[in-house]
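Following: one structure in structure tokens, then a few remarks.
The values are calculated or read from the model by the stated rules, or taken from the named source; none is laboratory data. Values in this document were obtained by computation on a predicted structure and should not be read as measured data. Glycine gets a Cβ as well: all are built from the backbone with ideal geometry, and neighbour counts include every protein chain shown.
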């Protein structure tokens, strides 16, 4: 880092904000100097970035995006989106007093669902292990270009805010306590922007789920019907067997499409509410994972909770918690309980696995853990004025989300 930018890109100021951004978007962030060298980063190293780094592969997407941003000569910095081999990064130049002092770039994101052939090609070129790359690709949701552009705009807001406040602090020689107060205030603003990103992600999930179900799902189903029709009219046994295999593959594709659509956004959540969506998801999760899920929900007719934002937040807590049990806990059983009393709803997901270490639990409680899913759950519940807790020991882990419910008067007023 050169001396001129030493104070501009102070790690005490930039790293907390970039960590919040990385946690909210699940992207890795690099902050570049005006000469193209890395000033801070990588921050929030996500799995794909880590995989490429382990294999020594550098697609140069970050550097190329930074170069384009640093060449920006207009008064207002543009958002730059760079794509290559199905991967994308987004960045923006950092301007202080009309002068470009650096750039900030975030990635990698898959811009579309990855096919196995594409993953094999990328694995060969990067020298990465295919199985590991394929697992990462399957676990990540594609990010649409318009959402990546929104991420770039958020980076622009963060950069402008930090540059402006840091500049004012240096100009007026304010004390360190005042600078910390400004940083805390701006970090809170980033938290609010992170909440808006969660809403954007939910909207994008809903859109992609609908397109998978109504578009790709219908095409695959129609293709299967056509193949079966031809299969029945073919006389040769060899040809019939081949067509039968094709029909079976199409059936598997159809089932996989339905599962992907449901995982992105279950239609039952909108149509019938949390109870139906939670019970169906728990049953499907048990079938896929082999983990027994005992789910206990309050009895009664109609929707359990309102508004829809609360239903969605609690469903994402359930979804992410069960996913974590499958990936990390090694528990054979999970208990899911919901209680509604005293004007609040409590959702608890308890497993009986190996638990979370005390050190990692302390980091998670302090907001510094590596679990992006945990940070997302906490952000959703906090946004709605609720409380999110994790208790863990060697006998298992309990995730608890508590949300206040609107009073009857508030519900009738909003109806």
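Okay, here's what the table says:
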{"read-out": "Helices (runs of 4 or more DSSP H) completely within the stretch 1-120 that count 2 or more residues being out of contact with any strand residue (DSSP E or B) (no Cβ under 9 Å at 6 or more places or on another chain) and closer than 30 Å to residue 134 by Cα", "value": "11-25, 47-55"}
{"read-out": "Given (1) surrounded by 20 or more Cβ atoms within 10 Å (Cβ to Cβ); (2) modelled with pLDDT of 85 or more; (3) in contact with a strand residue (DSSP E or B) (Cβ under 7 Å, 6 or more places away or on another chain); (4) under 21 Å from residue 267 (Cα atoms), index of the condition residue 295 fails", "value": "(1)"}
{"read-out": "Pairs where the first residue, in the stretch 131-149, is touching a residue at least 24 places away in the same chain (Cβ under 8 Å) and the second is outside any helix (DSSP H, G or I) and surrounded by fewer than 16 Cβ atoms within 10 Å (Cβ to Cβ), C-beta under 8 Å, 6+ apart", "value": "142/112"}
{"read-out": "Condition check for residue 202: more than 28 Å from residue 70 (Cα to Cα) and at pLDDT 85 or above", "value": "no"}
